[in-house]
Amino acid sequence: MLEMLNPVAAYGAITGYLDAGGPVVLALMVTAFLMWMLIIERLVFFATASGRMVADHQQAWRARADHESWFAHAIRERLISEMRVEAERKMGIIKVLVLVTPLLGLLGTVTGMIEVFQTITSSGGANARDMAAGISRATIPTMSGLAVSLTGVFAISLLERRVSARVDGLADSLDVHHTPKAQPGVS
């Protein structure tokens with residue numbers, strides 16, 4: 001395990017994995033890298049900028065004298081909407097990447113099986129080593145695509161909970177003062 005910390009050994013393991021899985025695994029690696037960069041960006045946003053944004057929106061709301069008119073409600077909804085838009089930024093791209101990775105794995109399965117069938121037709125099924133290489137090219141992308149997708153599903157779940165918590169928290173904090181108005185003739 002410690003040998004994997006050696007950059008030369010790590011590079012050798014990655015290139016061996018890419019060779020065994022075929023070109024689809026490279027596409028999966030790029031997709032996984034992009035997906036996780038976007039996920040990390042969102043986590044950093046929730047850890048830093050979203051709190052400041054909530055505080056700014058709360059301050060803007062408290063600075064208003066009017067909290068009850070139709071116009072005040074429209075401003076409140078705009079503040080909540082701005083928070084939702086910013087909190088959900090890039091979530092669509094992350095979801096698409098999570099959905100694409102198992103399909104890329106399936107593409108790797110199909111291309112690997114085509115390689116197996118080509119080996120069978122060219123050698124009559126006598127070359128087990130070439131058939132095993134094709135089966136490897138079929139199973140490694142499938143496993144990789146599913147693994148990347150599963151990690152993305154967990155990350156999406158975490159991010160959606162954070163979006164909901166920030167937006168709902170902001171909405172709850174922008175209270176609307178309802179002062180009961182005295183009706184004429186009622187004491």
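The values are calculated or read from the model by the stated rules, or taken from the named source; none is laboratory data. A quick note: this is a predicted structure, and the numbers were derived from the prediction, not measured. Here the Cβ positions follow ideal geometry from the backbone for every residue, glycine too, while neighbour counts run over all protein chains shown.
Descriptive notes on the structure:
- Tally, over segment 27-53, of residues that are part of a helix (DSSP H, G or I) and either of a type in the set (D, E, K, R) or over 30 Å from TYR17 (Cα atoms) (or both): 11
- Assessment of segment 126-145 against the conditions (surrounded by 17 or more Cβ atoms within 10 Å (Cβ to Cβ) and under 30 Å from SER164 (Cβ atoms)) yields at least one matching residue.
- Residue under evaluation LEU18, criteria (1) touching a Lys or Arg at 6+ places or on another chain (Cβ under 8 Å); (2) of a type in the set (A, V, I, L, M, F, W, C); (3) within 27 Å of LEU99 (Cα to Cα), criterion not met: (1)
- For the condition part of a helix (DSSP H, G or I), among the acidic types (Asp, Glu) and under 30 Å from THR139 (Cα atoms), ASP56 does not qualify.
- Candidates ALA20, ALA60: the one that is surrounded by 12 or more Cβ atoms within 10 Å (Cβ to Cβ), farther than 28 Å from VAL176 by Cα and over 16 Å from the mean Cα position of the chain (by Cα) is ALA20.
- Only residues that are among the aromatic types (Phe, Trp, Tyr), touching a residue at least 24 places away in the same chain (Cβ under 8 Å) and farther than 10 Å from LEU174 by Cβ were counted across segment 56-73, and they come to 0.
- Matching entry among THR119, THR151 (being farther than 30 Å from HIS67 by Cβ and at pLDDT 80 or above): THR151
- Residue in segment 92-111 that is of a type outside the set (A, V, I, L, M, F, W, C) and modelled with pLDDT under 85 present: no
- Residue in segment 31-52 that is surrounded by fewer than 18 Cβ atoms within 10 Å (Cβ to Cβ) and touching a Leu at 6+ places or on another chain (Cβ under 7 Å) present: yes
- Filtered residues of segment 146-173 (kept if over 13 Å from PHE46 (Cα atoms) and surrounded by 20 or more Cβ atoms within 10 Å (Cβ to Cβ)): VAL148, SER149, GLY152, LEU170
- Segment 96-120: number of residues that are buried (at least 16 other Cβ atoms within 10 Å of the Cβ), farther than 12 Å from VAL24 by Cβ and either in contact with a strand residue (DSSP E or B) (Cβ under 7 Å, 6 or more places away or on another chain) or without any contact (Cβ under 8 Å) to a residue 40 or more places away in the chain (or both): 2
- If you check ALA27, ALA87 for being under 23 Å from the mean Cα position of the chain (by Cα) and at pLDDT below 95, only one passes: ALA27.
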